[in-house]
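Q: Okay, handing you the structure first.
The values are calculated or read from the model by the stated rules, or taken from the named source; none is laboratory data. Worth saying up front: this structure is predicted, and the values here are computed from it rather than measured. Cβ placement follows ideal geometry from the backbone for every residue including glycine, while neighbour counts extend to all protein chains displayed.
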Amino acid sequence: MRVNQQEAHKMKYSEFYKSMVRNAIAMRQPFTGSFELTPRCNLHCKMCYVCSQDAASRELSTDQWIEMGRQASKAGVLFLLLTGGEIFMRKDFFEIYDALINMGFIITLYTNGTLLNDEIIQRLSEAPPYLVSITVYGASPDTYGKITGHPEAYEKVVNNVRKLIDAGINTELKTTAIQYNKDEYPQLAELAWSMNLVMRIVNYISPRREGSGTDPLGNRLSPLELLDYEIKATESLKKLYKNDDNQEEIKKEDIVEDVMTGDFDKSIVQKADETAPKSAFRCAAGKYGFWLTYDGRMTPCGLIGDIYSDALNMGFIDAWNDITNKCAGVSISQDCYNCSYYSKCMVCPARTKLETGGYEKAPTYICEYVKARDALLVSHKV
């Protein structure tokens, strides 16, 4: 069955990725990164922390993105995420994409799937990315519309996912857990299951980085609501697996992109980097990963804006060296470092700044989630 084949593929990929990460950290070399091609989007999601409709004049040009790609490749970058905003808002997307593919990058695409059409899918099938990741915000046009402002787009997204799969393009589905869709995971799971996919969950809603009237904090679940959502989601997926003798038992970590505990990234970083336990950044940020904004600034990740270098004018490798030095100078909140849950938590400077406005205080939202999750693991072995 396709799901089992995918899991086997992921296991091999995971071991390869871990090995490459260890080498990149040892060499202080950028290995993976994100190109934020645009902050513009055709949807208006209530929880979005990125969307900006007036930024087109500040976006890097086609040639500038291609040149950034050349410099990144020369610096040793292998994995690239192309993200937005909505990447297909750019009319020159395939000029950039084809150039990056020809440079040898292993590319993942983040898209809402609404702007896909037969021509785009055909072109992707001719030079496939490693993965196309699509977020499905609701299990019905009504819910999808309440979240995105475009109920008519729901059926189009679902049909486009089926077309991607039919075209042989590796596709991932995920949803973002918020107030409007908190009861719909069972239906979303069934939708994904009907395509031999698993509906993954993004479990952290960030405060707004820059936006256009969105309200991420007003729409995210409380820590306890989120944990309850994840438990129920796992149980609903187990029911789908139950009648398939070829499937291993599903676990929460199989479906939740748990950026608040970050077990995968945290473990490989700490094993590869002796400074990691004392470092404010315990993930890829500034160690082997970067984020390049739509206007040419390099940051450690997409959530942090006040630690950056001007990659457009400095050049990629000088910007990378500058970023790694700046990251090394960021201190951990002493409240976090002295906390007994610190080793179980993925608190970082980016989330600390977004949640508290600075780097000195512990982010209460993340603290409450991690403590509740740990108590549940201890009492129920979830």
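Q: Could you list all residues from region 285-303 that are in a loop (DSSP other than H, G, I, E, B), under 23 Å from S57 (Cβ atoms) and touching a helix residue (DSSP H, G or I) at 6+ places or on another chain (Cβ under 8 Å)?
A: Scanning region 285-303 gives Y294, D295, G296.
Q: A further question follows. Which of the residues that make up region 114-135 are more than 14 Å from the chain's Cα centre (by Cα) and over 15 Å from A167 (Cα atoms)?
A: Across region 114-135, the qualifying residues are T114, L115.
Q: Answer yes or no: is there a residue in region 179-193 that is over 27 Å from E36 (Cβ atoms), aliphatic (A, V, I, L, M), touching a helix residue (DSSP H, G or I) at 6+ places or on another chain (Cβ under 8 Å) and buried (at least 21 other Cβ atoms within 10 Å of the Cβ).
A: Scanning region 179-193 turns up at least one residue that is over 27 Å from E36 (Cβ atoms), aliphatic (A, V, I, L, M), touching a helix residue (DSSP H, G or I) at 6+ places or on another chain (Cβ under 8 Å) and buried (at least 21 other Cβ atoms within 10 Å of the Cβ).
Q: Kindly check whether there is at least one residue in region 238-252 that is more than 22 Å from G302 (Cβ to Cβ), assigned to a helix (DSSP H, G or I) and at pLDDT below 70. Write out each step before concluding.
A: Let us first name the residues in region 238-252 that are more than 22 Å from G302 (Cβ to Cβ), namely 238-252.
Adding the requirement that they be assigned to a helix (DSSP H, G or I) leaves 238-242, 252.
Still in the list and also at pLDDT below 70: 252.
Scanning region 238-252 turns up at least one residue that is more than 22 Å from G302 (Cβ to Cβ), assigned to a helix (DSSP H, G or I) and at pLDDT below 70.
Q: Answer yes or no: is there a residue in region 55-63 that is more than 28 Å from A350 (Cα to Cα) and either of a type in the set (D, E, K, R) or touching a strand residue (DSSP E or B) at 6+ places or on another chain (Cβ under 9 Å) (or both). Break it down stepwise before answering.
A: As a first pass, look at region 55-63 and keep what is more than 28 Å from A350 (Cα to Cα): 62-63.
This time we only want the ones that are either of a type in the set (D, E, K, R) or touching a strand residue (DSSP E or B) at 6+ places or on another chain (Cβ under 9 Å) (or both), so: 63.
Yes: one or more hits.
Q: Considering only residues that are at pLDDT below 90, in a helix (DSSP H, G or I) and among the polar types (S, T, N, Q), which ones fall in region 304-346?
A: Across region 304-346, the qualifying residues are Q334, S343.
Q: Oh, and also: Which of the following residues is modelled with pLDDT of 95 or more and in contact with a helix residue (DSSP H, G or I) (Cβ under 6 Å, 6 or more places away or on another chain): K163, K156?
A: It is K163.
Q: Let me ask something additional. Being of a type in the set (A, V, I, L, M), in contact with a strand residue (DSSP E or B) (Cβ under 8 Å, 6 or more places away or on another chain) and modelled with pLDDT of 95 or more: is that true of I134 here?
A: yes
Q: For G145, which of the numbered conditions (1) buried (at least 21 other Cβ atoms within 10 Å of the Cβ); (2) in contact with a Gly (Cβ under 9 Å, 6 or more places away or on another chain) fails to hold?
A: (1)
Q: Still on this structure, I have one more. For region 154-178, enumerate the residues that are part of a helix (DSSP H, G or I) and surrounded by fewer than 17 Cβ atoms within 10 Å (Cβ to Cβ).
A: Selection gives E155, K156, N159, R162, I165, D166.
Q: Could you please find all residues in region 200-233 being more than 24 Å from P349 (Cβ to Cβ), of a type in the set (S, T, Y) and at pLDDT 90 or above?
A: Scanning region 200-233 gives a single hit, Y229.
Q: Which residues, counting only those in region 106-131, are of a type in the set (G, A, S) and in contact with a strand residue (DSSP E or B) (Cβ under 6 Å, 6 or more places away or on another chain)? Don't jump to the end; show me each part of the working.
A: Applying the first criterion (of a type in the set (G, A, S)) to region 106-131 yields 113, 125, 127.
Listed by number, the list holds a single entry, G113.
Q: Moving on. Of all residues in region 352-365 being in contact with a Pro (Cβ under 8 Å, 6 or more places away or on another chain) and outside any loop (DSSP other than H, G, I, E, B), which is surrounded by the most Cβ atoms within 10 Å (Cβ to Cβ)?
A: T352
Q: Let me ask something else about it. Could we say that D322 is surrounded by fewer than 20 Cβ atoms within 10 Å (Cβ to Cβ), in contact with a strand residue (DSSP E or B) (Cβ under 7 Å, 6 or more places away or on another chain) and closer than 23 Å to A75 by Cα here?
A: Against the criterion (surrounded by fewer than 20 Cβ atoms within 10 Å (Cβ to Cβ), in contact with a strand residue (DSSP E or B) (Cβ under 7 Å, 6 or more places away or on another chain) and closer than 23 Å to A75 by Cα), D322 qualifies.
Q: Now for a separate question. Checking the conditions here, which among E155, E172 is touching a strand residue (DSSP E or B) at 6+ places or on another chain (Cβ under 9 Å) and of a type in the set (D, E)? Spell out how you get there, then give the answer.
A: Numbers: E155 fails: touching a strand residue (DSSP E or B) at 6+ places or on another chain (Cβ under 9 Å).
Only one candidate passes the filter, namely E172.
Q: How about region 80-98: which of its residues are surrounded by fewer than 19 Cβ atoms within 10 Å (Cβ to Cβ), in contact (Cβ under 8 Å) with a residue 12 or more places away in the chain and not in a helix (DSSP H, G or I)?
A: Correct list: D92 only.
Q: Kindly evaluate G69 against the criterion of being in a loop (DSSP other than H, G, I, E, B), in contact (Cβ under 8 Å) with a residue 12 or more places away in the chain and either of a type in the set (G, A, S) or out of contact with any Pro (no Cβ under 6 Å at 6 or more places or on another chain) (or both).
A: On the way: in a loop (DSSP other than H, G, I, E, B): no; in contact (Cβ under 8 Å) with a residue 12 or more places away in the chain: yes; either of a type in the set (G, A, S) or out of contact with any Pro (no Cβ under 6 Å at 6 or more places or on another chain) (or both): yes.
No; evaluated as a whole, the condition is false for this residue.
Q: Restricting attention to region 198-211, does a residue exist that is among the hydroxyl-bearing types (S, T, Y), outside any strand (DSSP E or B) and surrounded by fewer than 17 Cβ atoms within 10 Å (Cβ to Cβ)?
A: no
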